[in-house]
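For reference, the structure is listed below as structure tokens.
Only the coordinates and a few stated rules stand behind these numbers; no lab work does. Because the structure is predicted, anything quoted here is derived from the model rather than measured. Cβ: placed from backbone, ideal geometry, glycine included. Neighbour counts: every protein chain shown.
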Amino acid sequence: MIDLKKLTIKKARKALDSKEFSVVDLAQAYLKEIEKKNKELNAYLEVFDDVLEQAKVSDARIAKGESLPLLGIPLAIKDNILITGRHASSASKMLENYVASYDATVIEKLKKAGAVFLGRTNMDEFALGSSTENSAFGVTKNPYDISRVAGGTSGGSASSVSSDMALVALGSDTGGSIRFPSAFCGVVGLKPTYGGVSRNGLMAATSSFDVIGPIAKNIEDAEILFDVIKGNDVLDSTTITEKTYTKSSVKKVIGVPWNLINQEGLDPKIKENFEKVVKDFEGLGYKIKDIKLPNCLALYYIINFAEVSTNLARFDGVRYGLHKNGKNLLEDYLLSKGAGFGKETRRRILLGTYVLSAGYYDAYYGKAQRARVALRKDFVKIFSDIDLILTPTSPIPPWKVGEKSDPLSMYLADIFTVTANIVGLPAISLPSGFMDVEGLPAGQAGKKLPLGIQFMASHGGEDLLFEIGKKFEAIKGI
Ligand code: GLN
């Protein structure tokens, strides 16, 4: 029996190389877990039917003496990342029948590395949302409490790692979609620097914010996966290799935007947990500096709507997904898009078209872009005397499925995560403990929900995030 709960990439690597178990054994263990849990959690939209064949190929490579960090490691892939010959739908009816004709760059790298793809995971349609409730294929549940959401938009990836249905997973982050579900599911999620990982083969949501990144059980696993997928790519002209961090430049100062944290709306238990974390870091010898950060939600959503409306214009229902026949081509489009896109997607297309329309462009989109440039400059200044910024990942704990019916209250939950995407900074969410759920019936008393904190670093500062993350894991005893 392989103890999947305690398994890490390093442990799996050692066991595979020493023939303690084979890749086939390992893949079978995950398939068994998926069989047991996926019906309830709905983390996977599809489990691939050739997992064991893939495992055999990796076993053969190990038998020949190859030993790469990810050789034979089973992972889950978010449904907006293309794998040749496999369905990729972005959890939308509009792309229900789409089969990818090429590999995303990250997939090409993972194939070379010998990773085993278990399946594709559920998400909010086109990565728009914060809870995976906007999927056209049902909500993903939180493994800690199945009456609650797993967070989003990479909810399937986070839920699968958290419930041992995958060792690690890939997600994508436009405004928090890796970090947010990671916090809700008690796992680690890294949003790399914008351009740090190629977007070639990632379905575009907000092209100037999107980035692919790892979701894992601990920092080391996230780091191993990131090291394999990162780097320049001729197929994505926005990729960069930037490293700003050197050991000698570290000041041991952490900035905390108390102005945002002390606002109304932050759950008292999250605040309590956060204040404890701040003390932990003071105990480790870090200086905490009070910094001011603006609330960037309006700026984020204006740019998000604008780019979403242009990016999604290409999906017309003619070839790949839901199609409705009208009297002419225009009616075909109207009917297909009306029925093929979910409510939130249609809302953003409409609002995006509005903020880009003649007469309003300058008041909304133009102004947001100018504010974005100003914010970038502010951040250069902010990082001149701190190394990292610390916040909770989410202002509220995982909510009940269906509890948030108005879009605005869901947008507010992104307050701490969107800033990193606007500026392009790397950020990580780390599990920071649990909170008790009150008011439960006797049988369920003692149920706990995971909480998360977020660190942001300056561009190219992933190593610093890994370093501080490992220190935090050490004091938490993870
Ligand atoms: N919750 C944010 C949004 O709905 C972020 C989504 C994401 O990162 N893909 O836009």
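At-a-glance table
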| read-out | value |
| --- | --- |
| Semi-axes of the equivalent ellipsoid for segment 296-453, Cα gyration tensor, largest first, Å | 35, 28, 12 |
| Spread of Cα-to-Cα distances over 10 Å intervals beginning at zero, given as percent, for the chain | 4, 21, 32, 27, 13, 3, 0, 0 |
| Per-residue HN-Hα couplings for segment 184-197 [Karplus 6.51, -1.76, 1.60; θ = phi - 60°; Hz; x = Gly/Pro] | 5, 9, x, 10, 9, x, 10, 9, x, 3, 4, x, x, 10 |
| Long-range amide H partners of THR121 with built H, under 5 Å | LEU45, ILE77, LYS78, ASP79 |
| Pairwise centroid distance, computed over Cα atoms, of segment 305-349 with segment 128-204, Å | 25 Å |
| Difference of contour (0.36 nm per residue) and Cα-Cα distance, GLU473 to LYS381 | 30.2 nm |
| Potential extension, LYS11-SER405 segment - 0.36 nm per residue separation minus Cα distance | 137.5 nm |
| Inverse of mean 1/r across different Cα pairs in segment 110-211, Kirkwood, Å | 13.5 Å |
| Full-stretch length increase - ASP25, ALA339 - with 0.36 nm per residue and alpha-carbon distance subtracted | 108.7 nm |
| Surface/4 estimate of mean projected area, convex hull on alpha-carbon atoms of segment 1-87, nm² | 6.2 nm² |
| J(HN,Hα) series, segment 285-297, from Karplus relation 6.51 cos²θ - 1.76 cosθ + 1.60, nearest Hz, glycine and proline x | x, 8, 8, 9, 10, 6, 10, 9, 10, x, 7, 9, 4 |
| Span from the segment 249-283 Cα centroid across to the segment 387-426 one, whole angstrom | 15 Å |
| Interchain or long-range residues, amide H under 5 Å from ARG148's placed H | ASN142, VAL401 |
| Residue-averaged 222 nm ellipticity for the chain, from DSSP H runs of 4+ at -39500 (n - 2.57), nearest 500 | -11500 deg cm²/dmol |
| Equivalent ellipsoid semi-axes - Cα gyration tensor, segment 150-295, angstrom | 27, 20, 16 |
| Nonlocal amide H pairs with GLY452, under 5 Å, H built at 1.01 Å | THR393, SER394, SER432 |
| Note, ³J(HN,Hα) from phi for segment 162-167, Karplus 6.51, -1.76, 1.60, rounded to Hz, x at Gly and Pro | 5, 9, 6, 9, 7, 7 |
| Over the chain, relative contact order from alpha-carbon pairs under 8 Å, at least 6 apart, % | 17 percent |
| DSSP-defined beta bridges in the chain - what % are antiparallel, rounded to 5 | 70 percent |
| Spin-label model distance (nm) - LYS279 vs ASN262, 7 Å beyond Cα toward Cβ | 1.9 nm |
| Farthest toward positive dipole pole in segment 1-116 [+1 Lys/Arg, -1 Asp/Glu at C-beta], among TYR102, ALA12, ALA113 | ALA12 |
